[in-house]
Amino acid sequence: MIELTDVTKRYPGGHEALSNLNLAIEQGELVFLTGHSGAGKSTLLKLVAAIERPTSGHVIVNGQNVGRMKRAALPYFRRNIGLIFQDHKLLYDRNVFDNVLLPLHIQGMTGADAGKRVRAALDKVGLLKKEKARPITLSGGEQQRLCIARAIVSRPALVLADEPTANLDDAYARDIMDMFQAFNEVGVTLVISTHDQDLIRRYGGRDVRLAYGRQVSEAMA
Amino acid sequence: MRAWLAHHLHSLATAMRQFGETPLSTLFTILVIGVAVALPAGLYLLLTNLDRAADGVKPQAELTLFLKLDIDATAGRALAERIGQEADVAEVRFIDRAEGIARLESAGLADIAAGLPENPLPHTLVIKPREETVTAMEALGARLQVLPESERVLLDSDWIKRLTALMQLGRDLIFMLAVILGLALAAITANTIRLQIYAKRDEIEVARLIGATDRFIRRPYLYFGGIQGLAGGLSGWLLVMIGLGLLGDSVSQTATAYGVEFSLQALGLSELIALLSLSASLGWLGAFLSVTHTLREVETF
């Protein structure tokens with residue numbers, strides 16, 4: 001599903017976030033990206049989500065070469081990926097329901113069907129009762145759950161999460177990981193960056209450790 | 001198709017909500033656009049009305065040759081005969097000085113004529129050229145001017161020519177003004193949209209990340225720009241109408257004083273439609289430029 005070959009990402013100014021990285025992720029895998037901050041975890045996720053282009057090497061996702069993708073093709077490519085951000089990136093000018101509706105709306109889905117999908121997604125993350133609430137009134141854990149609902153509402157086969165539990169206390173973090181595990185069990189490929197080793201030990205899955213832009217170890221927990 | 005329509009309606013609603021969120025600044029922007037629209041539109045109206053007023057006066061393709069005072073009637077008639085035989089002259093009328101003063105009296109200037117100690121008018125020839133173009137008349141006029149009997153030649157086409165030239169100048173000026181103010185309109189819209197986009201940068205970024213096309217992101221802003229332009233055009237039209245209402249009375253009073261029936265004419269329906277669609281599309285254009293620019297700025301890929 002994801003294939004990185006000799007991928008290097010150098011930012012303007014010369015900082016090399018990833019150096020000659022090779023990595024393959026199969027469909028249905030649960031993969032943790034670990035490593036110190038600045039190891040290149042976020043950069044890797046950005047390359048896979050086609051938010052940035054690799055400086056050299058190939059990033060193939062769903063059979064498409066991200067580096068060579070045309071600008072016009074980007075939106076359609078991104079619709080197949082659910083993105084979960086550390087800072088949630090919610091829209092505070094609309095309620096919970098409308099935040100989750102946005103991806104469907106973008107894909108041209110409206111009306112009762114869309115409403116059903118939104119409520120199903122909110123149900124999965126336990127926010128069904130708060131659909132009328134404004135995101136700003138939600139707790140940190142709830143905001144992260146809302147971000148997850150938005151990422152899964154269009155039922156993507158691949159979900160990328162950048163430090164989804166970083167700012168959450170342990171109970172909330174476990175909540176969220178349970179959800180991810182449930183998605184993985186129904187066949188969703190998940191790539192999660194984290195520096196929480198306990199989490200990985202508890203949930204198992206593949207651990208890809210990065211350091212200074214290179215993969216240093218690989219383990220199955 | 002239904003989704004497409006729904007999205008357009010949603011974009012429209014978003015644009016309208018944007019107006020509602022900032023009523024005061026929207027109002028001012030619309031007023032500024034209105035002034036930008038009203039200036040060329042008002043001038044255009046002034047010119048068309050002037051054109052209409054000038055239309056009432058038929059151009060006379062005639063030359064008037066005033067003879068020197070010491071030329072008597074017999075010599076005058078002889079001259080008329082001679083000029084009448086010229087190839088480019090269609091007709092010559094000799095107007096005796098006595099007849100001239102009589103015409104003045106019948107034209108309602110009897111008081112003035114009676115007050116004169118003696119008839120100051122010379123004998124006059126009114127010459128109709130065969131060809132009624134300005135160049136032909138000018139050539140003929142130049143030849144008549146140098147005759148020894150000639151005091152002065154009056155080319156009646158002169159002021160028509162000047163008026164036509166002035167009108168053309170006016171039209172050119174209005175066109176220039178319209179272009180400049182049209183640019184201003186697009187710029188005003190682009191600027192208001194730019195400020196809006198800065199406030200909504202997060203939204204644009206998020207929409208981008210979850211797969212929104214540029215068109216999807218652009219659409220509400222285009223609606224906003226178009227509607228703002230349309231409203232601006234309407235307010236400009238209103239300004240012109242108000243101005244017309246204020247001027248109308250004094251114009252017809254002036255016309256009446258000159259013994260003419262004349263009232264200002266407002267913009268016609270087709271002109272109004274042209275005005276509104278132009279201002280709406282300029283607003284749209286401004287929005288398009290602004291959003292496209294910002295989308296490129298936000299782009300990291």
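The values are calculated or read from the model by the stated rules, or taken from the named source; none is laboratory data. This structure is a prediction, so every number in the text was calculated from the model and none was measured. Neighbour counts are summed over all protein chains in view; Cβ atoms, including those assigned to glycine, are modelled from backbone coordinates with ideal geometry.
Here are the numbers for the structure shown:
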quantity	calculated
Matching residues, region A:62-97, being more than 11 Å from chain B (Cβ to nearest Cβ), more than 22 Å from A:I2 (Cβ to Cβ) and in a helix (DSSP H, G or I)	A:V96, A:F97
Count of region A:98-117 residues which are away from every other protein chain (no Cβ under 14 Å) and among the hydrophobic types (A, V, I, L, M, F, W, C)	0
Of residues in region A:108-138 being of a type in the set (G, A, S) and within 21 Å of the chain's Cα centre (by Cα), the one surrounded by the most Cβ atoms within 10 Å (Cβ to Cβ)	A:A121
Qualifying residue in region B:259-268 (condition: assigned by TED's automatic domain parsing to the domain that holds B:R52, part of a helix (DSSP H, G or I) and out of contact with any Phe, Trp or Tyr (no Cβ under 7 Å at 6 or more places or on another chain))	no
Tabulated pairs, region B:193-205, first free of Cβ contacts under 8 Å to residues at least 60 places away in the same chain, second in a helix (DSSP H, G or I), C-beta under 7 angstrom, 6+ apart or interchain	none
Filter result (free of Cβ contacts under 8 Å to residues at least 60 places away in the same chain and within 40 Å of the chain's Cα centre (by Cα)) within region B:206-225	B:R215
Residue in region A:44-58 that is nearest to A:G213 (Cα to Cα), counting only those that are surrounded by 21 or more Cβ atoms within 10 Å (Cβ to Cβ) and away from chain B (no Cβ under 12 Å)	A:L44
Residue satisfying condition, being small (G, A, S) and at pLDDT below 85, within set B:A80, B:A102	B:A102
Close pairs from region A:156-183: first at positive phi, partner small (G, A, S) and surrounded by 20 or more Cβ atoms within 10 Å (Cβ to Cβ), Cβ under 7 Å, at least 6 apart	A:E163/A:S193
Flag if B:R52 is part of a helix (DSSP H, G or I) and either outside the structural domain of B:L276 (by TED's automatic domain parsing) or in contact with an Asp or Glu (Cβ under 9 Å, 6 or more places away or on another chain) (or both)	no
Residue in region A:94-105 that is more than 17 Å from the chain's Cα centre (by Cα) and among the acidic types (D, E) present	yes
Tally of residues being of a type in the set (G, A, S) and either closer than 11 Å to B:A53 by Cβ or modelled with pLDDT under 80 (or both) across region B:254-280	4
Among (1) in contact (Cβ under 8 Å) with a residue 24 or more places away in the chain; (2) surrounded by fewer than 19 Cβ atoms within 10 Å (Cβ to Cβ) - the single one B:L169 does not satisfy	(1)
Filter result for the condition that a residue is in contact with a Phe, Trp or Tyr (Cβ under 9 Å, 6 or more places away or on another chain), among the charged types (D, E, K, R) and either over 29 Å from A:T34 (Cβ atoms) or assigned to a helix (DSSP H, G or I) (or both), over A:D178, A:D207, A:D113, A:D123	A:D178
Residue list for region B:183-196, restricted to those being touching a His at 6+ places or on another chain (Cβ under 9 Å) and among the aliphatic types (A, V, I, L, M)	B:A190
Qualifying residue in region A:92-102 (condition: buried (at least 20 other Cβ atoms within 10 Å of the Cβ), polar (S, T, N, Q) and at pLDDT 90 or above)	yes
Test: residue in region B:215-224 that is within 14 Å of chain A (Cβ to nearest Cβ), surrounded by fewer than 18 Cβ atoms within 10 Å (Cβ to Cβ) and over 27 Å from A:I148 (Cβ atoms)	yes
Selected residue (criterion: nearest to the other protein chains (Cβ to nearest Cβ)) from residues of region A:119-161 that are among the β-branched types (V, I, T) and closer than 16 Å to A:L83 by Cα	A:V153
